[in-house]
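Q: Questions regarding the structure given below will be posed in turn.
The values are calculated or read from the model by the stated rules, or taken from the named source; none is laboratory data. Note that the structure is predicted; figures quoted are calculated from it, not measured. We place every Cβ from the backbone using ideal geometry, glycine too, and count neighbours over all the protein chains shown.
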Amino acid sequence: MTTTQLEPAAALSGLRASKPERVTIVVLSGDMDRVMAAFIIATGAAAMGMPVTMFFTFWGLNALRQPGAATSAKDWMRRMFGKLNRGGAGSLPLSRFNFGGLGAWMMKKVMAQNKMPGIPELIETAQDLGVRMIACTTTMGLLGVTKDTLVGGIDQLAGVSTYLNEARQGSVNLFI
């Protein structure tokens, strides 16, 4: 190999070394298994000492809503979204084989038998490990979600520019 062939690789490794080991995760899905995967990755990275930011948008925001929280939206469409998406980490459906909630119930049962934490416990663990959780204000406005309907411990209500600022500072960016 010539020196010129090594230079791009050396430059690339220099770029990697300059980026901090930070993780950002966009949680778009409101499916139990996907939200669980996002929290398992987040808590694993935080346990390794990496700063982690999770940005919850669209259906992923349901994981941060209080169970059964009603919307205070004034128009009928946002009220309908609120009724259809009662939210709460414990009531998320499976992405596949949900069967009207039976699949999610079975998954929770198997998880409990294997002493695996559910999403509410993973949220608590993530908060204990210092994972930053940001709720998307645009989604909140679209779906009629208010701050008082979210669980406690949400670090920030913000838009996409806040997420992008976090993401460009990190070395691992995931979209779940």
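Q: Would a scan of region 144-162 turn up a residue that is touching a helix residue (DSSP H, G or I) at 6+ places or on another chain (Cβ under 6 Å), under 15 Å from MET54 (Cα atoms) and in a helix (DSSP H, G or I)?
A: Among the residues of region 144-162, not one is touching a helix residue (DSSP H, G or I) at 6+ places or on another chain (Cβ under 6 Å), under 15 Å from MET54 (Cα atoms) and in a helix (DSSP H, G or I), which makes the answer no.
Q: Can we say LEU122 is in a helix (DSSP H, G or I) and surrounded by fewer than 16 Cβ atoms within 10 Å (Cβ to Cβ)?
A: Spelling it out, it is not the case that LEU122 is in a helix (DSSP H, G or I) and surrounded by fewer than 16 Cβ atoms within 10 Å (Cβ to Cβ).
Q: Check region 49-72 and report whether any residue there is of a type in the set (Lys, Arg), outside any helix (DSSP H, G or I), surrounded by fewer than 20 Cβ atoms within 10 Å (Cβ to Cβ) and at pLDDT 90 or above.
A: No.
Q: While we're on this one: So, in region 21-47, how many residues would count as being in contact (Cβ under 8 Å) with a residue 24 or more places away in the chain and over 16 Å from GLU166 (Cβ atoms)?
A: 13
Q: Can you tell me which residues in region 148-167 are surrounded by fewer than 16 Cβ atoms within 10 Å (Cβ to Cβ), under 14 Å from the mean Cα position of the chain (by Cα) and not hydrophobic (A, V, I, L, M, F, W, C)?
A: GLY153, ASP155, GLN156
Q: Taking LYS109 as the residue in question, decide whether it is at pLDDT 85 or above, farther than 24 Å from ILE154 by Cβ and not in a helix (DSSP H, G or I).
A: So LYS109 does not fit the description; no.
Q: Let me ask something else. Out of ASP155, ASP148, report the one residue that is among the charged types (D, E, K, R) and more than 23 Å from GLU21 (Cβ to Cβ).
A: Sole residue among the options that is among the charged types (D, E, K, R) and more than 23 Å from GLU21 (Cβ to Cβ): ASP148.
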